[in-house]
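Notes follow once the structure below has been shown.
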Amino acid sequence: MKSRTPFLIVISAPSGAGKTTLCQRLLVEFPNLKLSISSTTRAPRGSEKDGVEYHFLTSEAFKDGIDQGRFAEWAQVHGNYYGTAKQTIESNFKKGYSVLLDIDVQGAELLRQAFPKQCFSIFIAPPSMEELERRLRARKTEREEVILKRLENAKSEMDQKHLFDAVVVNDSLDNAYAQLKALVEKKIR
Ligand code: 5GP
């Protein structure tokens, strides 16, 4: 099923807020919603594969992309570059699909400005900073200094949640998903 007007559904959250799981559930529920695979200069984590979770680029290739205007938005997050290719949005919109973007607060702001009528942004907030720290440590995928950097960034990300069209608190996954689904449904179904 295709959406009437394709939308950008932009989801931002501090890392560890449960965003990835929620996004996966949305993609299963809404066949007219396609995930945007970002480009990044960060190294692959664990079993991540090029072209699946991200397009992993060298800094040089990423900077070439910026110079050539290939990104709809890009930002430096946790010391690495991340960006959304214009091509990803355009090719999905052409097919009538909406696009789900899991991007940071800076990228969300850029897309709200670039697509004022076709962008719906949702901030996923953790129930508390203590819970966020607990979840980040439980993942056991990052070094201590990376965890500390992410917690520090989380504080400034939380300060920008009022800029989003909606905020969902991830206290329980099922509860948060029900709220998220209702918001997305209004836009693309
Ligand atoms: P991670 O390294 O944990 O996969 O992602 C780190 C942060 O970068 C997350 O907040 C994620 O949403 C954000 N991010 C991923 N892709 C993009 C992108 O294309 N643009 C922007 N601005 N942020 C992104």
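The values are calculated or read from the model by the stated rules, or taken from the named source; none is laboratory data. None of these values were measured; they are calculated from a predicted model. Here Cβ is always computed from backbone atoms with ideal geometry, including for glycine, and neighbour counts include all displayed protein chains.
General remarks:
- Within segment 50-96, being touching a strand residue (DSSP E or B) at 6+ places or on another chain (Cβ under 9 Å), among the β-branched types (Val, Ile, Thr) and closer than 23 Å to Thr20 by Cα holds for Val77, Thr84, Thr88, Ile89.
- Residue satisfying condition, being buried (at least 20 other Cβ atoms within 10 Å of the Cβ) and not aliphatic (A, V, I, L, M), within set Glu60, Glu73: Glu73
- Condition broken by His78, with the remaining ones in (1) in contact (Cβ under 8 Å) with a residue 24 or more places away in the chain; (2) away from the ligand (no atom under 13 Å from the Cβ) satisfied: (2)
- Which numbered condition Ser121 misses (of (1) within 17 Å of the chain's Cα centre (by Cα); (2) away from the ligand (no atom under 13 Å from the Cβ)): (2)
- In segment 133-153, the residues that are of a type in the set (D, E, K, R), at pLDDT 85 or above and part of a helix (DSSP H, G or I): Glu133, Arg134, Arg135, Arg137, Glu144, Glu145, Lys149, Arg150, Glu152
- Residue check for Thr5: within 14 Å of the chain's Cα centre (by Cα), more than 11 Å from the ligand (Cβ to nearest atom), on the phi < 0 side of the Ramachandran plot and modelled with pLDDT under 95: no
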